[in-house]
Amino acid sequence: MTFEKNILCIGAGYVGAPTMAMIAAKCPRYKVQVVDIDREKIKAWNSDQLPIYEPGLDELVKKTRGRNLFLSAEIERGIQECDIIFVSVNTPTKGFGQGAGKAADLQFWERTARQILENSAGDKIIVEKSTLPVRTAEAMERILNGNPKGIHFDVISNPEFLAEGSAVKDLESPDRVLIGSRETPEGVKARKAIVEIYANWVDRDRIIESNVWSSELSKLTANAFLAQRISSINSISALCEKTEADIDEIASAVGMDSRVGRHFLKASVGFGGSCFKKDILNLVYICEGYGLIEVAQYWEWVIRINEWQERRFILNMLANLFNTMAGKKIAILGFAFKADTGDTRESAAIYVTRGLIEEHAQIVISDPKALDNARKDLHDVVDRVAFEPDPYKAAEGAHALAILTEWGLYKELDYKRIFKSMVHPAFIFDGRNILDHKRLFDMGFNVFPIGKTPLKHF
Ligand code: NAD
Ligand code: UGA
């Protein structure tokens with residue numbers, strides 16, 4: 001069968017593989033290839049046990065794999081065969097040298113650009129899918145177009161806005177698709193070629209075209225705004241705990257103003273995930289580079305409040321467990337950075353667990369999907385932590401429960417049974433405000449939500 005378009009994606013991670021699976025599903029006339037240097041990951045993508053958990057992803061991959069979606073480690077061949085190449089490699093925070101701890105580490109991205117150049121014999125469109133500092137496209141154009149072969153590359157920015165846990169839904173009906181290019185005739189032509197792909201299933205009025213710099217910077221700004229809302233509500237949660245105000249009531253009252261909106265106002269133990277922190281730090285670094293110190297500081301405080309919220313959670317546990325956790329068994333329910341994913345990157349649970357270990361607590365971690373990742377995150381302290389998939393067993397003999405991920409199953413547990421199996425007085429620290437606090441209090445628990453007056457029996 002001859003395909004209408006040959007599309008390649010370099011990077012088979014949380015973004016690359018699901019995005020390409022969706023393109024393959026919606027565009028059966030296109031051949032879509034996904035390549036990665038990680039052979040084990042590719043093997044998993046081609047097996048029944050996909051390397052990531054996302055609701056609806058198994059079905060999507062099964063439907064398309066081998067039909068018009070192909071996953072392999074053959075990067076060079078992929079580059080040779082395709083004229084549209086999405087690059088979705090990781091862009092973590094740089095851990096060394098200038099900008100360490102803040103700047104984006106672009107080594108994977110630049111390596112990919114050079115590999116594309118080496119293996120290209122004709123003109124190509126390169127699509128930035130990874131989240132990148134504003135003006136990266138300029139650097140890419142310099143690397144790619146400074147070639148002696150006379151090949152021309154158009155660099156397009158098409159940032160991804162999917163959230164984990166809802167990736168398939170977000171890809172199927174995105175709020176918007178953003179496609180930025182140079183405003184030159186070739187740039188606009190390349191942009192239109194990418195618009196054409198998405199127009200197979202996304203309404204045209206949701207596909208935004210812009211200049212390439214706006215597109216790159218919109219992605220960093222979107223994540224900064226989302227994280228800022230969480231830090232804003234979390235900062236007020238601390239004030240609620242001092243004043244008998246209720247953070248959920250406040251979020252509802254504030255969010256009903258249509259100018260504010262109700263999303264992303266759920267107070268929590270702190271936001272996690274692979275991107276909020278790294279993207280804001282990157283934004284801070286860029287602002288500092290342009291001498292915009294006040295702007296940098298403004299955004300840096302979003303991160304600082306988040307770290308403070310995590311720390312506050314630990315200190316609150318300590319204060320209410322009679323100022324000592326040494327030797328006490330604490331059951332952590334939920335380790336993923338949010339529900340419906342096994343991803344634990346930057347999860348608040350990592351910081352809370354480490355804080356509790358420093359207090360010499362005995363930790364048992366339970367999570368329906370994230371225990372493998374939890375073991376890796378805590379590899380240096382595994383001898384001080386137990387991992388137990390069954391939440392009832394995890395809670396047996398515990399002094400306290402800490403709810404750190406909003407998994408639906410934790411709302412449905414038989415807390416009477418759990419209460420009986422715990423050491424008394426029994427405590428629940430609900431870092432997600434998902435439980436029925438009054439009911440738990442009536443059962444005998446001492447309950448400590450976020451941003452609400454605690455319900456204590458003494
Ligand atoms: P990931 O770590 O899950 O996947 C990246 C993949 O790229 C890895 O499998 C890695 O092996 C591969 N890779 C690295 N260098 C390579 C090379 N030279 N050749 C081939 N493969 C290579 O990362 P991710 O979560 O998918 O994120 C990718 C990008 O998308 C990041 O810039 C991130 O900020 C952005 N993003 C992520 C999300 C998310 O929810 N995870 C959402 C929106 C945007
Ligand atoms: C986030 C953005 O929502 C996506 O649009 C973006 O594409 C992605 O980052 C990215 O660039 O990687 P994600 O990190 O997968 O997606 O998940 P979110 O739903 O944004 O949650 C992030 C964290 O904030 C989680 O720990 C979540 O529990 C927390 N959160 C979220 C709150 O504490 N309160 C809220 O009201 C919402």
Practice task
Specify the inter-centroid distance of segment 247-302 and segment 397-432, based on alpha-carbon positions, in whole Å.
Solution key: 30
Exercise for the section: Write down the percent of antiparallel bridges among all DSSP beta bridges whose residues are both part of segment 5-202, to the nearest 5. Expected result: 10
Exercise for the section: Could you sort 410-420, 64-74 so that the peptide with the highest average Cβ count within 10 Å comes first and the rest follow in order? Expected result: 64-74, 410-420
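Among DSSP beta bridges whose residues both lie in the chain, state the antiparallel percentage, nearest 5. Write down the numbers at each step before the final one.
Values: 3 of 51 bridges.
Once the DSSP bridges in the chain are tallied, antiparallel ones form about 5 percent.
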Fill in the blank from the handout: For the chain (alpha-carbon point model, no solvent) the Debye-based log₁₀ I(q)/I(0) at q = 0.10 Å⁻¹ works out to -0.79
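Give me D for segment 99-191 in µm² s⁻¹, whole number, from Stokes-Einstein with Rh from the Kirkwood sum over alpha-carbon pairs, 10 °C and 1.306 mPa s.
Values: Rh = 14.8 Å.
Calculated translational D: 108 µm²/s.
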Exercise for the section: For segment 5-202, go through all pairs of different Cα atoms, get the mean of 1/r, take its inverse, and jot down that Kirkwood value in Å. Expected result: 17.1
Problem - Compactness of segment 212-458, expressed as Rg and Dmax over alpha-carbon positions, Å - result: 18.5, 60
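Please work out whether segment 387-458 counts as rounded, prolate or oblate from its C-alpha gyration tensor, where a ≥ b ≥ c are the square roots of the eigenvalues and a/c under 1.5 means rounded, while otherwise a/b larger than b/c means prolate and anything else oblate?
Values: a/c = 1.67, a/b = 1.15, b/c = 1.45.
Note, shape of segment 387-458 comes out oblate.
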Completion exercise
With segment 138-191 reduced to its Cα atoms and the Debye formula applied, log10 I(q)/I(0) at q = 0.18 1/Å amounts to -0.71
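Determine the dipole magnitude for the chain: charges of +1 sit on the beta-carbon of Lys and Arg, -1 on that of Asp and Glu, nothing else is charged, the reference point is the Cα centre, and the result goes in debye to the nearest 20. Working shown, then result.
Values: 59 positive and 63 negative charges, 63 e Å.
Computed charge dipole of the chain: roughly 300 debye.
Rounded to the nearest 20 debye, what is the charge dipole size of segment 5-202 about its Cα centre when +1 sits on each Lys and Arg Cβ and -1 on each Asp and Glu Cβ?
Working: 27 positive and 27 negative charges, 57 e Å.
Its charge dipole is roughly 280 debye.
So what are segment 255-369's ellipsoid semi-axes, whole angstrom, largest first, if each one is the square root of 5 times an eigenvalue of the alpha-carbon gyration tensor?
Working: eigenvalues 179, 64, 45 Å².
Ellipsoid semi-axes (Å, largest first): 30, 18, 15.
Check each of the trypsin sites (Lys or Arg not before Pro) in segment 1-60 and keep only those in coil by DSSP with at most 12 other C-beta atoms within 10 angstrom; list them in order. Could you put the intermediate results ahead of the total?
Working: sites: LYS5, LYS26, ARG29, LYS31, ARG39, LYS41, LYS43; in loops: ARG29.
Answer by residue number: ARG29.
Looking at the P(r) of segment 201-312, how many percent of alpha-carbon pairs lie beyond 21 Å? Mind showing how you got there, number by number?
Details: 2943 of 6216 pairs.
In whole percent, the long-distance tail amounts to 47.
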Practice task
Towards the positive end of the charge dipole of segment 212-458, with charges on Cβ (+1 Lys, Arg; -1 Asp, Glu), say which of ILE280, LEU401, ASN234 has the farthest Cα.
Solution key: LEU401
Exercise for the section: Output ³J(HN,Hα) for segment 392-397: one whole-Hz value per residue in order, computed from phi by the Karplus curve 6.51 cos²θ - 1.76 cosθ + 1.60 with θ = phi - 60°, and x for Gly and Pro. Expected result: 5, 5, 4, 7, 4, x
Practice task
With unit charges on the beta carbon (Lys/Arg positive, Asp/Glu negative), name the residue among PHE387, PHE445, LEU57 whose Cα is farthest towards the positive pole of the charge dipole of the chain.
Solution key: PHE445
Exercise for the section: May I ask you to list the chymotrypsin sites (Phe, Trp or Tyr not before Pro) in segment 245-345 that are in a DSSP loop and have at most 11 other Cβ atoms within 10 Å of their Cβ? Expected result: TYR290, PHE322
Handout entry: segment 238-342: trypsin sites (Lys or Arg not before Pro) falling in loop per DSSP and having at most 12 other Cβ within 10 Å
Key = ARG259
Handout entry: Amide proton proximity set for ARG182, modelled H, under 5 Å, gap of 5+
Key = VAL212
Handout entry: Karplus (6.51, -1.76, 1.60) ³J(HN,Hα), θ = phi - 60°, over segment 88-103, in Hz, Gly and Pro reported as x
Key = 10, 7, 6, 10, x, 6, 5, x, 8, x, 4, x, 3, x, 9, 5
Handout entry: Dipole magnitude of segment 212-458 about its Cα centre (Cβ charges: Lys, Arg +1; Asp, Glu -1), debye to nearest 20
Key = 380
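Values quoted throughout were computed directly from the atomic coordinates according to the rules given, and no laboratory measurement underlies them. Computed from a predicted model, the values in this text were never measured in an experiment. Every residue, glycine as well, gets a Cβ built from its backbone with ideal geometry; the counts of neighbours run over all protein chains shown.
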